[in-house]
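Trainee: Next up is a structure, given as structure tokens.
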Amino acid sequence: MFQTTINHTNFLFTHQLRYFLLMLVCCMCVNNVFAQSFKVNSENTADFPKDVNTFMEASKNPNAIKAGKDFEGVWGNLSESQQKQIIAIAKKMAAKKFKAVPFFVQFFSGLASGVSKLSMASGEIDKLLMVTEKVIDKNDARLTTAFFEAGSLFLDRRALFAARGNRLYALEGSFSFDWKEGDTAPAVIDTVVAYDANGRPIEPTTSTQPEIAGPVLVFKDINLVFASNPDSVQLQKTSGSFMFKDRIFVGKSGKFDWSNLGKPEVYADFQEYSFNTKAARLHAENVTFHYDSVLVKPANGVFDFEAKSHKGIKDAVFPRFTSQDNDVSLKNIGQNLVYQGGFSLSGSNKFTSSNALNKFSTLSYLEKDSLKFKLSSRIFEFKDSLITSPSTAIFIYNYKNAMDRRDSVIYHPSVVLKYTKNSKILQLNRQNNGSRNVPYANYHHKVDMRVDVLKWLMDSTKIEMYMIRGRDSLPALFVSIFYFNER
């Protein structure tokens with residue numbers, strides 16, 4: 001019985017091995033047909049589409065068969081010189097053992113789409129064929145794969161990337177295939193020193209734009225559309241070059257607005273930028289940001305976009321703008337309030353005082369040309385009815401026209417801010433960190449004030465200060481700075 005079981009097992013194993021070897025041989029034969037059996041008759045261009053169809057049909061691949069038929073349909077729209085060049089390219093591909101899938105499929109389907117879908121001019125077809133031949137002659141496997149794959153995708157759908165719910169389209173405008181040799185000349189260094197309005201030298205900036213080289217798609221006045229599951233956004237009227245090998249887009253100019261969040265009047269004007277088209281992200285520096293209802297004048301800074309899922313407009317955190325410096329002035333932030341500092345807008349509603357240089361911003365209360373308080377912080381958050389900060393320095397001025405009088409100030413280096421716009425209530429709470437035991441310094445009365453909460457209704461001359469212990473409010477503790485106890 002035991003011997004019978006072993007023999008039966010050996011029989012099954014031998015049978016499966018033979019089947020596996022048979023399938024392996026069949027696959028090798030099919031691959032061999034794909035790579036080596038393509039024959040062309042260069043003397044008779046009329047027969048070439050038939051050769052292509054025969055080759056594609058032998059693959060039994062639906063995409064290959066469709067590519068062959070589509071290519072046959074546009075063959076008559078090509079000039080005789082273009083037909084001969086296509087035949088020469090196909091022969092090179094066969095000689096280099098290019099596989100039918102994906103390379104021949106991408107080559108023939110791309111040509112068919114370029115003619116039938118995009119109505120490429122004859123001169124543009126010539127450029128496409130020139131670039132294709134140069135790519136093949138380079139014998140660079142990664143370059144060849146990237147060019148055929150991305151080129152076919154663009155010609156079929158005008159897409160530069162498409163995968164996993166994210167697509168990038170280059171729509172409208174014009175495009176052209178080209179080959180760039182790259183800049184081999186040494187960089188020219190500008191030794192002229194520029195100065196700002198205060199006479200300080202301006203640090204020179206160097207471009208971080210990648211060098212454009214190899215096979216490229218050159219675009220003019222297109223709309224780059226980032227389409228994803230949450231929504232679609234676009235960089236309008238931009239120009240640039242798409243480098244096939246690394247899938248990098250190097251661009252200049254363009255306008256990116258907040259239309260997807262219901263605010264088309266909010267937008268950023270681009271200068272230079274570059275990004276990897278395989279990532280659903282866009283970063284640009286030195287943009288000019290426009291938000292006329294909020295900013296006194298346009299601001300310079302940094303733009304970021306990333307395709308992130310969100311439930312609704314209020315939950316969106318992109319697009320995002322962050323000012324470069326703390327030189328932004330805001331409109332309509334509250335009666336008698338004057339702001340000078342950074343500005344950041346994330347999504348449609350959340351804007352703060354963040355800036356790329358992480359400098360301090362100031363928020364002042366001016367009434368009849370008299371300064372009543374000034375706040376200084378790296379982060380203010382502006383909401384419809386509130387202005388808040390997790391940490392701000394506070395200067396309270398007690399005297400009329402006390403703009404520069406130090407002895408008229410109540411000061412604390414770091415408190416929590418809550419300012420209610422409509423009722424004009426300033427509330428400052430003690431922090432729960434190292435600053436919790438730091439008192440307010442009252443320079444006018446020469447006392448330290450140990451309080452948990454300072455509350456000031458701006459229309460009143462009275463400031464409330466108290467301690468909190470549990471649910472109880474206790475009187476504040478004032479200590480004279482002249483008091484000294486030897487014990």
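Trainee: Take E172 and tell me if it is surrounded by fewer than 20 Cβ atoms within 10 Å (Cβ to Cβ) and over 23 Å from the mean Cα position of the chain (by Cα).
Mentor: Taking the combined requirement at face value, the residue does not satisfy it.
Trainee: Still on this structure, please answer the following. Can you tell me which residue is surrounded by the most Cβ atoms within 10 Å (Cβ to Cβ) among those in the range 321-351 that are among the polar types (S, T, N, Q) and under 26 Å from I410 (Cα atoms)?
Mentor: Applying the filter and picking the extreme gives N326.
Trainee: Go through the range 132-157 and count every residue that is among the acidic types (D, E), in a helix (DSSP H, G or I) and more than 20 Å from F71 (Cα to Cα).
Mentor: Of the residues in that region, 1 qualify.
Trainee: With the checklist (1) out of contact with any Gly (no Cβ under 9 Å at 6 or more places or on another chain); (2) closer than 26 Å to A227 by Cα; (3) among the hydroxyl-bearing types (S, T, Y) in hand, flag the one item S116 doesn't pass.
Mentor: That leaves (1) as the condition not met.
Trainee: Quick one: how many residues across the range 52-71 are part of a helix (DSSP H, G or I), touching a residue at least 24 places away in the same chain (Cβ under 8 Å) and not basic (K, R)?
Mentor: Final tally of qualifying residues: 9.
Trainee: Further question on the same structure: More than 22 Å from S391 (Cβ to Cβ) and in a strand (DSSP E or B): does that describe F321?
Mentor: Yes, satisfied.
Trainee: Quick one: would you say Y411 is modelled with pLDDT of 80 or more and either in a strand (DSSP E or B) or exposed (fewer than 15 other Cβ atoms within 10 Å of the Cβ) (or both)?
Mentor: Spelling it out, Y411 is indeed modelled with pLDDT of 80 or more and either in a strand (DSSP E or B) or exposed (fewer than 15 other Cβ atoms within 10 Å of the Cβ) (or both).
Trainee: Follow-up. Within the range 196-228, take every residue that is surrounded by 11 or more Cβ atoms within 10 Å (Cβ to Cβ) and assigned to a loop (DSSP other than H, G, I, E, B) and give me the one that is modelled with the lowest pLDDT.
Mentor: Step by step, filter the range 196-228, then rank; the result is P204.
Trainee: Which residue out of S389, S370, S348, S354 is among the polar types (S, T, N, Q) and over 28 Å from Y440 (Cα atoms)?
Mentor: Being among the polar types (S, T, N, Q) and over 28 Å from Y440 (Cα atoms) holds for just one of S389, S370, S348, S354, which is S348.
Trainee: Could you list, in sequence order, the residues of the range 376-391 that are of a type in the set (S, T, N, Q) and under 21 Å from N422 (Cα atoms)?
Mentor: Result: S385, T388, S389.
Trainee: If you don't mind, there's one more thing I want to ask. Just to be sure I understand, how many residues within the range 334-377 are in a loop (DSSP other than H, G, I, E, B), in contact with a strand residue (DSSP E or B) (Cβ under 7 Å, 6 or more places away or on another chain) and free of Cβ contacts under 8 Å to residues at least 40 places away in the same chain?
Mentor: Looking only at that region, the number is 4.
Trainee: If I filter the range 464-474 for residues that are part of a strand (DSSP E or B), at pLDDT 90 or above and under 18 Å from S376 (Cα atoms), do I get at least one hit?
Mentor: No; the residues of the range 464-474 include none that is part of a strand (DSSP E or B), at pLDDT 90 or above and under 18 Å from S376 (Cα atoms).
Trainee: At least 1 residues that are hydroxyl-bearing (S, T, Y) and touching a strand residue (DSSP E or B) at 6+ places or on another chain (Cβ under 7 Å) in each: list the strands (runs of 3 or more DSSP E) lying fully within the range 255-296 that qualify.
Mentor: The strands (runs of 3 or more DSSP E) meeting that bar are 263-269, 272-276, 281-290.
Trainee: Go through the range 269-318 and count every residue that is modelled with pLDDT of 95 or more, of a type in the set (S, T, N, Q) and farther than 23 Å from Q340 by Cβ.
Mentor: 4
The values are calculated or read from the model by the stated rules, or taken from the named source; none is laboratory data. Computed from a prediction, not measured in an experiment: that's the story for all the values here. Cβ sites come from the backbone with ideal geometry, for glycine too, and all protein chains shown count toward neighbours.
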